[in-house]
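One structure below.
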Amino acid sequence: MNKVYQEFLKNPSELNTQYGELSMVGFDVAEMSGLNKVYGIDNHMGYNYSVGNFIENSPELTNTIDPATYLEITNNPLKAYPEIENRNNNFDNLSLLEKLALINEPIMLDYSLNANTDKLFYVGIDDNFIGADHAALFYHRNIKIYSKLNRIKMNKNDRVLILMGSAHMAMLREFIMRSPKFEMVNSLDYLK
């Protein structure tokens, strides 16, 4: 990531969309902050968010843990989050700042984690734990991401901006809030 950032610094007027929000937002924020280096902390791992869908769509397989709950979360993921359902349904009409604020609200982060990963706790065949195994890989990935963050040498005056998907941020938020090393600020204070 830092190598790509160094290329960006040579020509900051050219938008690099290759890394999504990392290069389209993160690089500009880093440059405006006078940073000469950025850190990539993601840790890709092979897991399958869709293992439950695969089982539900395979007539020869049966989800023997709790298919009703899995399908309820899959087909109506916002049912447990009525306070954000209307706003999320209007997502395309929100301004960019309103979108960023919505996806960074704690309730939306919880929803994202539940709808993307935790629903796999309800998936399995016979006595196996295929859904939980894939969810565990997602959790494992985020533990490694947090460990990578902790490898970065920092002092008390350093500020850190993390750009990650909302399900990842939901987990990182929990790790950071419990850490004696970090003081987390509310991103919503900057987005409203």
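The values are calculated or read from the model by the stated rules, or taken from the named source; none is laboratory data. Since the model is a prediction, treat every value here as computed from it, not as a measurement. No Cβ is skipped: glycine too gets one built from the backbone with ideal geometry, and neighbour counts run over all protein chains shown. Ligands, DNA and RNA are excluded from the accessible area calculation, which covers all protein heavy atoms including side chains. Shrake-Rupley method; radii C 1.70, N 1.55, O 1.52, S 1.80 Å.
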Note to self: Taking the solvent-accessible surface of protein heavy atoms with a 1.4 Å probe, what is the per residue accessible area of the chain in Å²?
What the structure shows: 63
Item checked: For the chain, calculated [θ]222 nm from helices alone, where every DSSP H run of n ≥ 4 adds -39500 (n - 2.57) -> -14500 deg cm²/dmol
Next item on the list: Could you order peptides 6-15, 139-148 by the average number of other Cβ atoms within 10 Å of their residues, highest first?
Entry: 139-148, 6-15
Margin query: Compute the helix-to-body angle for 130-151: its Cα long axis versus the longest principal axis of the chain, expressed 0 to 90° and rounded to tens.
Written below: 20
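At a 1.4 Å probe, what is the % contribution of carbon and sulfur to the accessible area of the chain?
Working: 6410 of 12180 Å².
Taking all protein chains in place, the chain shows 53 percent carbon and sulfur surface.
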Item checked: Size of electric dipole in the chain: Cβ of Lys, Arg +1 and of Asp, Glu -1, about Cα centre, debye, nearest 20 -> 1080
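From Cα pairs below 8 angstrom and at least 6 apart in sequence, can you work out the relative contact order of the chain, rounded to a whole percent?
Values: 175 pairs, mean separation 48.5, N = 192.
This gives 25 percent for the chain.
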